[in-house]
Amino acid sequence: LDTVGDISWYMPEQTAVITGASQGIGREIARVLADDGYNLALAARSDGIYETAERIGSATATLPVETDVTDEVQVKAAVDQTVEEFGGIDCLVNNAGIAGPTAGIENIDVDAWRNTMAVNVDGMFLMTKHTVDHLRRSERGSIVNISSISGKRPLENRTPYTASKMAVIGLTRTLAFELGSDNITVNAICPGATRGPRIENVIQAQAESMGVDYDTAKEEVFTGDTALGTLVEDTDIAHMVRYLASDNGRHITAQDLNVDAGTTWY
């Protein structure tokens, strides 16, 4: 029996549902939980979930499920498929989210506002609503919501995004007390600016608007006020999810934990 470097042989089989699993942080969360032997339901609107499953390979069981988290019919169908395939759900990772518009409040279209709230908040509500009964049957139920440090501090001209991420923290704290007696932990992770194509595009756009080079814009806008002076890696977020969903995180609940290289201190 070759078990060197493989911890899954002594872990009970567990199943996680990960939304926004088609790229970035969601894909990395899937990879890390796959290393721990989780069965994975990979949910997202885009077909990137199939690439995520392919990258994970045969090391674990994966179920790509094309899902719009704002559509309750699709959410319920995704949960039902997961339970039919794997027999239950032990962990829900609510990662799906969008950036929303960048504009002053008077220039934000109401449909853009509502769409940001629908994806970033309603999606978490719907996923939780339809997984919670299955989480109650788990011996170690957990919910991890991906918020943002923008849910704790102002972000100019990003009112819909900031308001939605603050709502995620309120949802997390309330659910932790609502579900604590069911042996379910509920926590939020608040990432800082995370390395990847999206943040690179934002930095380049900032550089052009400021009339400076890329590195200058990166420092002035994102890394200059961090204690470590760096961007966050998506792996950092994934390992925090792993911890919160594990037995090591059993007595951590109702928390909003910053992974931000030292930007926000509360």
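In whole percent, and with a 1.4 Å probe on the protein chains, what portion of the accessible area of segment 1-134 is carbon and sulfur? Intermediate results must be reported in sequence, preceding the final value.
Values: 3090 of 6430 Å².
Reported share for carbon and sulfur atoms: 48 percent.
Only sites in a loop by DSSP and with at most 13 other Cβ atoms within 10 Å count here; which GluC sites (Glu not before Pro) in segment 25-106 make the cut?
On the way: sites: Glu28, Glu51, Glu54, Glu66, Glu72, Glu84, Glu85, Glu106; in loops: none.
Taking segment 25-106 and a limit of 13 other Cβ atoms within 10 Å, no loop GluC sites (Glu not before Pro) are found.
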*Taking H placed 1.01 Å from N in the peptide plane, check which residues at least 5 places from Ala193 or on another chain put their amide H under 5 Å from its amide H.*
Val232
_Nonlocal amide H pairs with Asn145, under 5 Å, H built at 1.01 Å_ = Asn94, Asn187, Ala188, Ile189
*What residue among Ala167, Ala61, Ala207 has the largest mean-square fluctuation in a Gaussian network model of the chain, using Cα springs under 10 Å?*
Ala207
*Along the charge dipole of the chain, Cβ charges K/R +1 and D/E -1, which of Thr264, Thr194, Val69 sits furthest on the positive end?*
Thr264
*Using amide H atoms built 1.01 Å from N in the peptide plane, name the residues 5+ places from Asn39, or on other chains, whose amide H lies under 5 Å from its own.*
Gln14, Thr15, Ala16
*What is the spread of the Cα atoms of the chain along each of their three principal axes, largest first, in whole Å?*
58, 42, 35
*Bin by bin, in steps of 10 Å, what percent of the Cα pairs in segment 219-258 do you find, going until the bin that has the longest distance?*
25, 39, 28, 9
*Can you list the HN-Hα couplings for segment 239-255, worked out from phi with the Karplus curve (6.51, -1.76, 1.60; θ = phi - 60°), rounded to whole Hz and with x for Gly and Pro?*
5, 5, 4, 3, 5, 5, 7, 8, 5, 5, x, 4, 9, 10, 7, 6, 10
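Write down the Å³ per residue value for the convex hull defined by the alpha carbon atoms of segment 52-174. Write out the running numbers ahead of the final one.
Details: hull volume 15.6 nm³, N = 123.
Looking at segment 52-174, the number lands at 127 Å³ per residue.
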*Identify all aspartates and glutamates with a Cα-Cα distance to Lys165 below 16 Å; exclude those on the same chain that are fewer than 8 residues away in sequence.*
Asp122, Glu156, Asp256, Asp260
*Residue of Val69, Val32, Val241 that the Gaussian network model of the chain assigns the largest fluctuation, springs spanning Cα pairs under 10 Å*: Val32
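Got the relative contact order for segment 31-180 handy, in percent, Cα pairs under 8 Å and 6 or more residues apart?
On the way: 201 pairs, mean separation 32.6, N = 150.
Relative contact order, segment 31-180: 22 percent.
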*Per principal axis, descending, Cα span of segment 79-141 in whole Å*: 48, 20, 14
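Compute the accessible area per residue over the chain, keeping the other protein chains in place, probe 1.4 Å, unit Å².
Numbers: 12980 Å² over 266 residues.
On a per-residue basis, the chain sits at 49 Å².
Using the Cα centre of segment 67-161 as the reference point, and only Cβ charges (+1 on K/R, -1 on D/E), how large is the resulting charge dipole? Debye, rounded to the nearest 20.
Values: 9 positive and 14 negative charges, 95 e Å.
My answer is approximately 460 debye.
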*In nm, what is the difference between 0.36 nm times the number of residues separating Glu51 and Asp133 and their Cα-Cα distance?*
26.5 nm
_Just to check I understand the Karplus step: with θ = phi - 60° and J = 6.51 cos²θ - 1.76 cosθ + 1.60, what whole-Hz values come out for segment 100-110, glycine and proline as x?_
x, x, 10, 5, x, 4, 6, 10, 8, 6, 4
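As an exercise, use a Förster radius of 22 Å and the Cβ-Cβ distance of Phe177 and Ile98 to find the FRET efficiency, rounded to the nearest 0.05.
Efficiency at R0 = 22 Å is approximately 0.20.
Subtract the Cα-Cα distance of Val212 and Glu85 from 0.36 nm times their separation in residues, and report this length gain in nm to one decimal.
Working it through step by step, the gained length comes to 40.5 nm.
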*For helix 159-179, what angle does its Cα long axis make with the longest principal axis of the chain, in degrees from 0 to 90 and rounded to 10?*
30
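The values are calculated or read from the model by the stated rules, or taken from the named source; none is laboratory data. Keep in mind it's a predicted model, so treat the numbers as computed, not measured. Virtual Cβ from ideal backbone geometry, glycine too; neighbours counted across all protein chains shown. Ligands, DNA and RNA are excluded from the accessible area calculation, which covers all protein heavy atoms including side chains. Shrake-Rupley method; radii C 1.70, N 1.55, O 1.52, S 1.80 Å.
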